[in-house]
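Notes follow the structure.
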Amino acid sequence: MLSVEGLRSRYGRIEVLHGLDLRVRPGEIVTVVGANGAGKTTLLRCLSGLQPVSAGTVIFRGEDISRLAAHRRVGRGLAQAPEGRQIFTNLTVEENLRLGAYLYRDARVGGDIADAFAMFPILKAKRNLAAGGLSGGQQQMLAIARALMGRPACLLLDEPSMGLAPMLAGQILDVIANLRSRGVTALLIEQNAFAALSIADRGYVLETGRITISGPARELIHDQRIRKAYLGL
C-alpha cells in the first residue's frame, strides 16, 4: 500500500532523513520507533505532504505522490493524526469530526460520525462541548476519530500516547490495534517502543535519520539491541 524508497529530506542545508526505505502492506500496522530527534515526525510529514522531499519516492497505492499537495493525499486515502493532536479547540467535538470529513457531502457522513462515537463513547457524551475542554486523552481520541472521518486507506499516527497516563495510553493503543477490523492500514510513530511493537505486525528502528533495524514486531521485541536501547531491559 505504501512504499518509500531512498527518501531524503532537509531543513535548509541540514539533511535529516538519509535515504529511507520502508514498506507498509495492506491491513498491517507498522511502527517506527526511535529516540527524540531521530527523524520520526519528519518522516510522517514527508508522507503526508507537509515536509518537502529532497530525493527519493513515496508510492501510495501504486501512485507516486512524492510531489502531491497534502490535501490531495488525503483525497487519495492517506490521513494523519498529528503529534500534539492539533484539534480545533474553539469548535465543538462534532464540528471537529465534520471538518475531518470535509471531502465528503454524502449521506455516509452521519454514519461515519456514529461510528466515531461508537469507537469513543466519551466523545458522544461531549459532542456539543468545545474540544478545548476535553482531557488530553479525550483530545487524542478526537484527533484519531477526526482522521478516520476522511475514510483513509492508510492512517498515519504520530506519537498518539505522548503525554498520556499509562492507562489512557493503553486504551489509545488498543483502539489502534483494532483498526485492522475496520480495514484500515496504519503507520504508527511511537516513542514507547514496547507498546508500539506489542500491537504492530512489523517495525523499523530509526536512528539519526537512518533505518538501522527492521523486521517482524514480535522478533524486534526480543532483539537485545532494542531491549537495551529502547525497552530498558
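Where a number appears in this text, it was derived from the coordinates with a stated rule and is not lab data. Treat the numbers as computed from the prediction; the structure is a model and nothing was measured. Note that we place each Cβ from the backbone using ideal geometry, even for glycine, and neighbour counts take in every protein chain shown.
Here are the numbers:
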{"item": "For segment 55-100, projected area of the alpha-carbon convex hull averaged over all directions, nm²", "result": "4.3"}
{"item": "Isotropic mean projected area of the C-alpha convex hull, segment 1-120 (nm²)", "result": "9.1"}
{"item": "For T92, net neighbour charge (Lys/Arg +1, Asp/Glu -1) across residues whose Cβ lies under 15 Å away", "result": "+3"}
{"item": "Choice from R85, R61, R13 showing the highest fluctuation, given a GNM over the chain with Cα pairs closer than 10 Å", "result": "R13"}
{"item": "Dipole magnitude of the chain, debye to nearest 20 (Cβ charges: Lys/Arg +1, Asp/Glu -1, about Cα centre)", "result": "280"}
{"item": "Selection from I199, F117, I176, by position along the positive dipole direction of segment 95-233 (Cβ)", "result": "F117"}
{"item": "Global geometry of segment 110-165, whether rounded, prolate or oblate, following the gyration tensor of its Cα atoms and the 1.5 cut on a/c", "result": "oblate"}
{"item": "Around G39: net Lys/Arg minus Asp/Glu count, Cβ-Cβ under 15 Å", "result": "-2"}
{"item": "Approximate spin-label separation Y102-L68, in nm, with each point projected 7 Å along Cα-to-Cβ", "result": "1.8"}
{"item": "Over the chain: helical MRE at 222 nm, DSSP H runs n ≥ 4 each giving -39500 (n - 2.57), nearest 500", "result": "-10000 deg cm²/dmol"}
{"item": "Selected from T185, T208, T31 as most flexible by GNM, with the chain as the system and alpha-carbon contacts under 10 Å", "result": "T208"}
{"item": "For segment 24-103: relative contact order, % (alpha-carbon pairs under 8 angstrom, 6 or more apart)", "result": "18"}
{"item": "Choice from G12, G209, G49 with maximal GNM fluctuation in the chain (Cα, 10 Å cutoff)", "result": "G12"}
{"item": "Net charge of Cβ neighbours under 13 Å - reference N128; Lys, Arg +1; Asp, Glu -1", "result": "+2"}
{"item": "Alpha-carbon Debye profile of the chain, log10 I(q)/I(0) at 0.10, 0.14 Å⁻¹", "result": "-0.44, -0.88"}
{"item": "Segment 137-209 and segment 56-71: distance between their alpha carbon centers, rounded to Å", "result": "22"}
